[in-house]
Amino acid sequence: YDLSGMQPGEIEKWVMEDWKLLVDRMKIREDRAYLHHEGKPVVSVWGVGFSDGRNYSLEECEQLVRFLKEDPVYGGNTVMLGLPTRWRTLTRDAVSDEKLHEIVRLADIVSPWMVGRNRNPDQAREHAKTTLAADIEWCSENEMAYLPVVFPGFSWQNLKKSHGIAEELGKIPRRGGEFLWAQGSAYSEAGAKMLYVAMFDEVDEGTAIFKCSNDPPVGESSFLTYEGLPSDHYLWLTGQLGRLLRGEISGDIKLPIRSNATVPE
């Protein structure tokens, strides 16, 4: 659940009621395809503790987390929280309120949002040393799992253009996958055991990793390409990050080389 845009009272009215519907009518927790973690259904709640003037309160977020964890009928879930990058220090993109830490401790998995926070491989590696390692230590002390976010690049020129705002195309360049790999390898070295790759199909922010053409249609909007790389390059590279986390390949900072790469039909 992405809480962005919620108004006071709507978390209970819409989110909690929706989860009840999914459990009662859709039997979602009984579906073998539904994601579980340590034997419990996973429910992700994104947008807790941001300092960007959201209208819902921390108290409402706490109510939701407690509902998903403790309710005798609809609780018993593994709860993952999508948090600001600076959730631990309560600075910058996070609210300066210790209440946030109280809520975080109620959950099971911490996932700080990092899209746009780093712009090149060196910044990603520095972030791993100065912030990520301490985040992981905090989570370990509180018996929580940690799920950092990595992303291949970023561009929202077309999205901004629709609002009359000029924006550079390819603001955070992909560098042929080097940027994504630098994040994953640095975060793994810092102690991360899993990664959230953002996003599978989010074209409007230039973070998509699904198959994309190197020959997009030409019109009023400009589109990035995969720079002549195979259309499944970022799916393949995500797979390599999985191998890295499992210890199947070395955590060397160099971008893996794909042998005999061809563009799939």
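A few points about this structure:
- Figure legend: label point modelled 7 angstrom from the Cα of ASP215 along Cα→Cβ; residues of region 222-254 with amide N under 13 Å from it are 228.
- Distances between placed amide hydrogens fall under 5 Å for TYR34 paired with no residue 5 or more residues away or on another chain.
- Largest first, the residues TRP19, TRP113 sort by 1.4 Å accessible area into TRP113, TRP19.
- Under the membrane-span-like helix rule (DSSP H runs whose alpha carbons stretch at least 30 Å along the helix axis, mean Kyte-Doolittle hydropathy 0.5 or higher), the chain yields none.
- In terms of its C-alpha gyration tensor, region 8-165 has a prolate overall shape, because the principal axis ratio a/c (a ≥ b ≥ c, square roots of the eigenvalues) is not below 1.5 and a/b outweighs b/c.
- For the chain, with +1 on Lys and Arg beta carbons and -1 on Asp and Glu, the positive-most of GLY191, PRO217, ILE257 along the dipole: ILE257
- Heavy-atom accessible surface of region 67-158: percent carbon and sulfur, 1.4 Å: 45
- Beta bridges per DSSP with both ends in the chain, % antiparallel, nearest 5: 20
- Here the Karplus curve 6.51 cos²θ - 1.76 cosθ + 1.60, taken at θ = phi - 60°, turns the phi angles of region 164-177 into couplings of x, 10, 7, 8, 5, 6, x, 4, 10, x, 7, 6, x, x Hz, with x standing for Gly and Pro.
- Annotation: amide H of ILE249 within the under-5 Å range of LEU244, sequence separation 5 or more or interchain, hydrogens built in the peptide plane.
- Region 1-73 versus region 184-239: alpha-carbon centroid distance in Å: 28
- For the chain: lysine pairs under 18 Å (alpha-carbon distance), excluding those fewer than 8 apart on one chain: 11
- Nearest-20 debye value, region 1-61 charge dipole, Cβ charges on Lys, Arg, Asp, Glu: 260
- Candidates SER185, SER222, SER51, ranked by Gaussian network fluctuation over the chain, Cα under 10 Å, top entry: SER222
- Only helices enter the 222 nm calculation for the chain: every DSSP H run of n ≥ 4 contributes -39,500 (n - 2.57), and dividing by all residues gives -8000 deg cm²/dmol, rounded to 500.
- Rounded if a/c under 1.5, otherwise prolate or oblate - region 42-87, Cα gyration tensor axes: oblate
- Set of region 207-243 residues, backbone N closer than 12 Å to the point 7 Å along the Cα-Cβ line of PHE200: 209-211
- Recomputing Kirkwood radius over Cα pairs in Å from the coordinates shown identifies the correct label among [x] 19.3; [y] 20.0; [z] 21.8 as [y].
- Prolate/oblate/rounded label for region 184-224 (Cα gyration tensor, a/c 1.5): prolate
The values are calculated or read from the model by the stated rules, or taken from the named source; none is laboratory data. Source: prediction; values computed, not measured. Cβ atoms come from the backbone with ideal geometry, glycine included; neighbour counts cover every protein chain shown. Note: accessible area is taken over every heavy atom of the protein model, side chains too, but ligands, DNA and RNA are not part of it. Shrake-Rupley method; radii C 1.70, N 1.55, O 1.52, S 1.80 Å.
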